[in-house]
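A short write-up of the structure that comes next.
A short reminder: the numbers here are calculations on the coordinates, not readings from a lab. Just so it is clear, the structure is predicted and the values come from calculations on it, not from any experiment. Cβ coordinates were reconstructed from backbone atoms using ideal geometry, including for glycine residues, and neighbour counts include every protein chain displayed.
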Amino acid sequence: METEFTPWMSLTGGILIGLSAILLMAFNGRIAGMTGILTGIIPPISTDWAWRIAFLAGAVIGPMVFLAAGGAIPYAVPVSLPLLALGGLIVGVGVYYGAGCTSGHGVCGMARLSPRSIAATITFMIFTGLTVYVVRHIAGI
Amino acid sequence: MQKLLLSGLTGMIFGLGIAISGMANPAKVLNFFDVAGSWDPSLIFVMGGALITTAIGYVLVFGARKKPVFDAEFHLPINRTIDARLIGGSAIFGIGWGIAGFCPGGAIPALGFGGLDVIAFVGAMIIGIVLARSLDGLRHKPAKAF
């Protein structure tokens, strides 16, 4: 499935992600990493669950407000439900052990020049690329 | 209360950024990695924009302040070791991301406009985190949320 090349929208979105990370650090002293924020509200629940719920709720509501205001969000899922569930399960295990994902390691950690985050990001980018190649060009799904 | 409002607001900015950037769109994410097929390089601009913005912002924040506005300290990870756990976990994450096209930061905002597909992904991801944490807890105290 082809998708349109959208450098300006993607750059704008990226800058907004960065802005969010800066504000969360400047005001609350927290890393805007989805794995860390989410893991804290999964049992055993962290004592500081309230700000995590607020951030997660905001992350869901933000795009809804944009849509309600007439904005468009291109969205297509070229993956079957069983593979989405399988992928989700694998992602959950991976981000737990890897202690972070694209937002925590790829943006916040890399921005701090954390060696752990740089190593993690290089690793998952390589394995994601390899997996997409295997799924699409070898398995032919 | 200020902290919660700030968290909600930054969450909204994050979700909006993710949604318009294409990170919550599996078709686009998978195409970014499909260099040998229907390649769409847009995600370079997402990651580049987010990374450069955050790097500059963090330097300014850490340079200007000893502590955040609403908290007593910056909560930064203290673990510095690159070990098999980090690399193995990241490799496993990459495999899952390559299969589904959703990463955690992309999937949560997609709950605001996606359907059963993203609900299935997020449900399975939470089960994955619970499973990993339980297995981990059998050996030693589970890792603290950060």
- Query: Cβ-Cβ below 6 Å, separation at least six or inter-chain, first residue in region B:1-14 and at negative phi, second among the hydroxyl-bearing types (Ser, Thr, Tyr): which pairs?
  - Reply: B:10/A:20; B:13/A:20; B:14/A:20
- Residues satisfying the stated conditions in region A:98-113, i.e. over 15 Å from the mean Cα position of the chain (by Cα) and more than 7 Å from chain B (Cβ to nearest Cβ): A:113
- Residue count, region B:50-68 (criterion: within 7 Å of chain A (Cβ to nearest Cβ) and touching a residue at least 12 places away in the same chain (Cβ under 8 Å)): 1
- Among (1) among the charged types (D, E, K, R); (2) within 7 Å of chain A (Cβ to nearest Cβ); (3) not in a loop (DSSP other than H, G, I, E, B) - the single one residue B:136 does not satisfy: (2)
- Note on the structure: Result of the Cβ filter at 6 Å on region A:66-80, keeping first residues that are in contact (Cβ under 8 Å) with a residue 12 or more places away in the chain and partners that are of a type in the set (A, V, I, L, M, F, W, C) and in a loop (DSSP other than H, G, I, E, B), at least 6 apart or interchain, is A:78/A:1
- Only one of (1) hydroxyl-bearing (Ser, Thr, Tyr); (2) within 7 Å of another protein chain (Cβ to nearest Cβ); (3) part of a helix (DSSP H, G or I) does not apply to residue A:46, and that is (3)
